[in-house]
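Input: a single structure, listed below in structure tokens.
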Amino acid sequence: MTDQEEYVNRLEKIIDKQDNLLSQFDAKFNQQDTLNEYLSKHNDLLKEDVQKHKNLLRDMNKTVTQHKNVVAKLKGELEEQLKIQQDLHKDYGEIIKQLTDDLEAEQEKTEKLQDENDKLKKENDKLSQELKDVKTNQIPTYVDTFKKHSSEDIKTKATIAPAGSVKRCPKCGAKIEDGYAFCESCGTKLK
């Protein structure tokens, strides 16, 4: 073989190698094109997902804002109701104190009236005894004294409990003094 033939052989081998390399590069480029196409589709899907997530985040922010507004409104309403309850508790406390004071005053009145009633009862017993003595002894001065005390007793009783002013509890029927707000027997509130 001559140098020229050898040179041609070497050039053919180099050209074959270059053809092989070009075929490999073509295959690699085809693979790269396929990969690029796949990545492009995948990027499009990712872009859609990102847009969906952005929309979802925007909607969630709107919902969170709405929930914050609702919570703020409920908080305001609860604070208002708490203030109303506190005012009611204060008012109830004042009413209970007033009722307690009224009850104590009524009890004091009742005790005073009971004392007066006991005094009148003793005086009445004394006068009844004097009347018996007058009837048995026929002493006219005792009769005058009895009449005097009886008329005073009637006047006193008339000022304490005038005739026809006896009231009765609508629930239990117990006697009620004028000015009482509650029945002493059963506790029913009177009109």
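The values are calculated or read from the model by the stated rules, or taken from the named source; none is laboratory data. Computed from a predicted structure; not experimentally measured. With ideal geometry, Cβ positions are generated from the backbone for all residues, glycine too; neighbour counts draw on all protein chains shown. We work out accessible area using only protein heavy atoms, side chains counted, and drop any ligands, DNA or RNA first. Shrake-Rupley method; radii C 1.70, N 1.55, O 1.52, S 1.80 Å.
Residues of the stretch 64-71 include none that is in a helix (DSSP H, G or I), open to solvent by less than 100 Å² (accessible area, probe 1.4 Å) and within 30 Å of Phe182 (Cβ to Cβ). Might you let me know whether the stretch 66-84 holds any residue that is in contact with a helix residue (DSSP H, G or I) (Cβ under 9 Å, 6 or more places away or on another chain) and of a type in the set (Asp, Glu)? Looking for residues that are in contact with a helix residue (DSSP H, G or I) (Cβ under 9 Å, 6 or more places away or on another chain) and of a type in the set (Asp, Glu), one finds none in the stretch 66-84, hence no.
Scanning the stretch 107-127 turns up one or more residues that are among the basic types (Lys, Arg), open to solvent by 90 Å² or more (accessible area, probe 1.4 Å) and modelled with pLDDT under 90. Note on the stretch 172-191: residues that are in a loop (DSSP other than H, G, I, E, B), open to solvent by less than 40 Å² (accessible area, probe 1.4 Å) and hydrophobic (A, V, I, L, M, F, W, C) total 3.
Being among the hydroxyl-bearing types (Ser, Thr, Tyr) and under 46 Å from the mean Cα position of the chain (by Cα), is that true of even one residue in the stretch 57-65?
yes
Just one of the listed residues (Lys75, Lys90) is over 27 Å from Lys189 (Cα atoms) and either modelled with pLDDT of 90 or more or among the hydroxyl-bearing types (Ser, Thr, Tyr) (or both), namely Lys75.
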